[in-house]
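Some notes on the structure that comes next.
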């Protein structure tokens, strides 16, 4: 199975600060239904409405829980305690590697502060190793 096939069924969050959003899906959770990485075209279905076409930079996915933990622990004293707790909650859900738990973790991140997003999500492009590995902004 190649990378494109492995993406099918993956949960994503449309970047909440997407500068150009013709699909009007900013900050919505969806599921990848098809991917053409060569053209950088990712088709995402949503609970309501029609599917949308996005680039890998426009979609955010959950980071590796070990990386989330390391970064949050490093910056723990510099962040509000509630953000650290929120990050911990997301990490606990992601560790289960269950689609339902991942959706809950993504929903928590979706409703959280930009700082929490920074620790818990990264662009799909970055997750695929198509760009330098890092959170989507700092």
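The values are calculated or read from the model by the stated rules, or taken from the named source; none is laboratory data. Fair warning: this is a prediction, and the values are worked out from it, not measured in the lab. Cβ placement follows ideal geometry from the backbone for every residue including glycine, while neighbour counts extend to all protein chains displayed.
Pairs linking a residue in the range 48-76 that is farther than 24 Å from residue 7 by Cα to a residue that is assigned to a loop (DSSP other than H, G, I, E, B), with Cβ atoms under 9 Å and 6 or more positions apart or on different chains, are 71/63; 71/135; 72/79.
At least 1 residues being in contact with a helix residue (DSSP H, G or I) (Cβ under 8 Å, 6 or more places away or on another chain), at pLDDT 95 or above and under 20 Å from residue 113 (Cβ atoms) is the threshold, and among the helices (runs of 4 or more DSSP H) wholly inside the range 1-100 those reaching it are 65-74, 81-95.
Test of understanding: among 109, 78, 72, 127, which residue is buried (at least 20 other Cβ atoms within 10 Å of the Cβ), farther than 16 Å from residue 13 by Cβ and not assigned by TED's automatic domain parsing to the domain that holds residue 27? Result of the check over 109, 78, 72, 127: 72.
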